[in-house]
1. Which condition number in (1) modelled with pLDDT of 90 or more; (2) surrounded by fewer than 12 Cβ atoms within 10 Å (Cβ to Cβ); (3) of a type in the set (A, V, I, L, M, F, W, C) is the one that residue 37 fails?
2. Within region 20-34, how many residues are at pLDDT 90 or above and in contact with a helix residue (DSSP H, G or I) (Cβ under 8 Å, 6 or more places away or on another chain)?
3. Hey, among 22, 26, which residue is over 12 Å from residue 10 (Cα atoms) and surrounded by 10 or more Cβ atoms within 10 Å (Cβ to Cβ)?
Amino acid sequence: MTLTDKEKTSIITSHLISLYSEKIEEHQRMNQSVIDFILKNMPQEYKKHLTMDLIDDVFSFISNHHMELS
């Protein structure tokens with residue numbers, strides 16, 4: 001089964017949110033919001049599938065299932 005570009009965008013978004021969180025936990029100074037971090041680091045070919053709703057859904061899922069996924 002091959003992943004769709006939208007599914008790949010969701011996975012990349014999840015990874016970027018996790019990476020941003022790790023940097024914050026390591027006390028690295030982040031001079032940008034998580035949204036800006038995602039926009040800056042999302043590969044260009046997936047940006048067309050990136051929406052605020054997708055970011056909110058992924059962020060919500062990670063927040064609500066963090067302990068279950070650990």
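The values are calculated or read from the model by the stated rules, or taken from the named source; none is laboratory data. Everything numeric in this text was worked out from a predicted model, so none of it was measured. A quick note on method: Cβ atoms are made from the backbone with ideal geometry, for glycine too, and the neighbour counts reach across all protein chains shown.
1. Among (1) modelled with pLDDT of 90 or more; (2) surrounded by fewer than 12 Cβ atoms within 10 Å (Cβ to Cβ); (3) of a type in the set (A, V, I, L, M, F, W, C), the lone unmet condition for residue 37 is (2).
2. 3
3. On the way: 26 fails: surrounded by 10 or more Cβ atoms within 10 Å (Cβ to Cβ).
22 is the lone residue from the list that is over 12 Å from residue 10 (Cα atoms) and surrounded by 10 or more Cβ atoms within 10 Å (Cβ to Cβ).
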